[in-house]
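Below: one structure, written as structure tokens.
The values are calculated or read from the model by the stated rules, or taken from the named source; none is laboratory data. Note that the structure is predicted; figures quoted are calculated from it, not measured. Cβ: placed from backbone, ideal geometry, glycine included. Neighbour counts: every protein chain shown.
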């Protein structure tokens, strides 16, 4: 019996070792300036990310496409190292700070390190150190592409007035701003004691009543560091299904039943009790070229279309430049693929 157990244990150990060995085997070797393996494990990791995004397993040909992208990146990075193209820590920090800035708009304040880490994990599936390394590699590739193909990027032309007008006329029916309000809001989070939150919210309702000045005073108090509730500008709220799915039917109905300057009754939201005051009102409107495209900004419809057309042209040039660079880097086959290791 002991011998049977020993044999089974040895078999399991051999199987585990065999799997680990296979996982560490190279599926490709890139050797433009040095020998750099891409292991089965590294490819599996990338494939699993793609499968999670796609919601299905990738077939062998799709795994090969993922491998090609990994080979292209390593070729570009080796070429950048050869040509002394680098990215400094300050450049990486500046770019990451811009990413953090996008969370400021969502949170209304600077995100904490923990909040940024959660956002990165949710978006990419990576921890911050791994994300930073991935970001560094991408920046090197982009910088090298600009170094080698800068003349192509410099050839991008600004859209003409005729281009913008033609695009506007084709999509005119889509440039409609829905009925929209801007509002100021007081929110008492449910926290761990919903009844206690309700008591505080009801007390605020009684203190404010229908007096706009008292509402504004409560908003100022809510912005203090030790306030028991949150308060501030709630931004612009369009009257459409997408907004309703975010804030709830009760909130939408309350917001659009008010006149400018009026204060709502207590609203029970998804995560807290809310009181709002409408500060601006906009009727539904078909937008002309010189109308503001996005409320709260200076961007007109003309600006929006011009930027969109420029980005489309930029994307075409980027694709052309990328294809040319990849073709140049792959000449002479400076890599080897182990086809059998693509099977799993």
Legend entry - Answer from 205, 246, 220 - the residue that is part of a helix (DSSP H, G or I) and surrounded by 15 or more Cβ atoms within 10 Å (Cβ to Cβ): 205
Inset, instruction - State whether the residues of segment 98-106 include one that is in contact with a helix residue (DSSP H, G or I) (Cβ under 9 Å, 6 or more places away or on another chain), closer than 25 Å to residue 315 by Cβ and surrounded by 13 or more Cβ atoms within 10 Å (Cβ to Cβ). - result: yes
Inset, instruction - List every residue pair whose Cβ atoms lie under 7 Å apart, where the two residues are 6 or more positions apart in sequence or sit on different chains, the first residue falls within segment 37-56 and is modelled with pLDDT under 90, and the second residue, located anywhere, is assigned to a helix (DSSP H, G or I). - result: 50/66
Legend entry - Single condition residue 182 does not satisfy, out of (1) in a strand (DSSP E or B); (2) in contact with a helix residue (DSSP H, G or I) (Cβ under 6 Å, 6 or more places away or on another chain): (2)
Inset, instruction - Would you confirm whether any residue within segment 320-329 is closer than 22 Å to residue 214 by Cβ and crowded, with 17+ Cβ neighbours inside 10 Å? - result: no
Legend entry - Residues (part of a helix (DSSP H, G or I) and either over 14 Å from residue 46 (Cβ atoms) or not assigned by TED's automatic domain parsing to the domain that holds residue 89 (or both)) located in segment 117-130: 117, 118, 119, 120, 121, 122, 123, 128, 129
Inset, instruction - Out of 314, 260, 244, report the one residue that is farther than 30 Å from residue 79 by Cβ and at pLDDT below 95. - result: 244
Legend entry - Those residues of segment 135-186 which are surrounded by fewer than 13 Cβ atoms within 10 Å (Cβ to Cβ) and over 30 Å from residue 77 (Cβ atoms), in sequence order: 157, 158, 160, 161, 162, 169, 170, 171, 173, 174, 176
Inset, instruction - For segment 67-95, enumerate the residues that are touching a helix residue (DSSP H, G or I) at 6+ places or on another chain (Cβ under 7 Å), farther than 27 Å from residue 26 by Cα and part of a helix (DSSP H, G or I). - result: 91, 92, 95
